[in-house]
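K.L.:
Before anything else, here's the structure in question.
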Amino acid sequence: MQNAKCKSRKQYNSKTKQQSIFPKTSGLNRLPYLCRMLIKSAKYIISSPDFEKCPAPDKKEYAFIGRSNVGKSSLINMITNYDKLAKTSGQPGKTQMINHFEIVSASAINQSKEAQNARWYLVDLPGYGFAKVSIRSRRRWEQMIEGYLRKRPNLEMVFVLIDARHTPQKLDLDFLNQLDKWEIPFAMIFTKADKETQTVVAKNVRLFLDRLRKTWQFLPQHFVSSATKKLGRDKILTLIDEKNEAPKGE
Ligand code: GDP
């Protein structure tokens, strides 16, 4: 079972093409604005301390993770169009749980009745890189994240958030390398793009991709986002829509 899953992840990675600084849009991404996936509802389901306590894996699942304060809650709220779905952090590091939200959406790709009420999980994972956490809680975080990422059978993709204002950070690169080692499919989202000029964002993205290119043959897909400007929403939702409509693991 696990092997079959790993194989499909490998296939996914080998199919991923190299990306330019700003990702080339697929045919679907070029569809008119109104043709994007529509979020019909989003509701909080449960917070779990480990993967075994997560809800039954009966829907496709997309997880979001990144350094603390990277803008994860803001991005989740922006994507779902719900202002307070994920709490925008006041006290970083407090919520060390796996948080499940059930989303009901209407596909822009598939017009069948079923696809107009597609149900999937959006998962808000606790971030990494807190300066003030004990070794014990860091270890607990590592175990929880590794267990979840490697054993959750319905996990389709992990979105790794990276602050677009900074040059490549070791913590982010290490996390991505770990995902690659575990053969977990992922995409990168460069956040808070509105806080810098387009030139600076493009430069930071390019530097990041250059660092990955040193050791990787294929680069994962990436997006540039801004929660305040609603930038990146359509492309991220289109990718989820495509994955929802594809056979499992493709
Ligand atoms: P989290 O800790 O990763 O969940 O990050 P939050 O979503 O709580 O965001 C951390 C801080 O960055 C908050 O003050 C947000 O208002 C701000 N922030 C998040 N995303 C954006 C963005 O796209 N643009 C701007 N200007 N600020 C953002």
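The values are calculated or read from the model by the stated rules, or taken from the named source; none is laboratory data. Keep in mind it's a predicted model, so treat the numbers as computed, not measured. Please note: Cβ atoms are built from the backbone with ideal geometry, for glycine as well, and neighbour counts cover all protein chains shown. Just so you know, the surface numbers come from the protein's heavy atoms only, side chains and all, with ligands and any DNA or RNA stripped out. Shrake-Rupley method; radii C 1.70, N 1.55, O 1.52, S 1.80 Å.
K.L.:
Quick one: with all protein chains in place, what share of the accessible area of region 154-250 is carbon or sulfur, to the nearest percent (1.4 Å probe)?
P.N.:
Details: 2130 of 4180 Å².
With neighbouring chains kept in place, the figure for region 154-250 is 51 percent.
K.L.:
Separate question: Restricting things to Cα coordinates, could you compute the convex hull volume per residue of region 129-250 in Å³?
P.N.:
Details: hull volume 14.9 nm³, N = 122.
Dividing the Cα hull volume of region 129-250 by its residue count gives 122 Å³.
K.L.:
Right, something else. Of the listed peptides 166-176, 49-59, what is their order by residue-averaged count of other C-beta atoms within 10 Å, with the highest listed first?
P.N.:
Details: 166-176: 15.5, 49-59: 13.8.
Per-residue Cβ counts within 10 Å, averaged per peptide and sorted highest first, yield 166-176, 49-59.
K.L.:
Beyond 14 Å, what share of the Cα-Cα pairs of region 43-83 is found? Please give it as a whole percent.
P.N.:
Cα-Cα pairs in region 43-83 separated by more than 14 Å: 62 percent.
K.L.:
Now, a different point. Roughly how many whole Å is it from the C-alpha centroid of region 189-250 to that of region 95-125?
P.N.:
About 20 Å separates the Cα centre of region 189-250 from the one of region 95-125.
K.L.:
Given labels modelled 7 Å from the Cα in the Cβ direction, how far is it in nm from GLU196 to LYS229?
P.N.:
About 1.3 nm separates the two model spin labels.
K.L.:
Note the direction-averaged projected area, equal to a quarter of the hull surface, for the Cα convex hull of region 59-167, in nm². Please report the intermediate quantities before stating the final value.
P.N.:
Numbers: hull surface 32.5 nm².
If I average the Cα hull's projected area over directions, I get 8.1 nm².
K.L.:
Accessible area per residue, 1.4 Å probe, Å², for region 130-197: what's the number? Walk me through the numbers before you get to the answer.
P.N.:
Working: 3270 Å² over 68 residues.
Result: 48 Å² of accessible area for each residue.
K.L.:
Rounded to the nearest 0.05, what FRET efficiency is calculated for GLN169 and GLU102 with R0 set to 30 Å and r the Cβ-Cβ distance? Walk me through the numbers on the way to the answer.
P.N.:
Values: r = 32 Å, r/R0 = 1.08.
The computed FRET efficiency comes out at 0.40.
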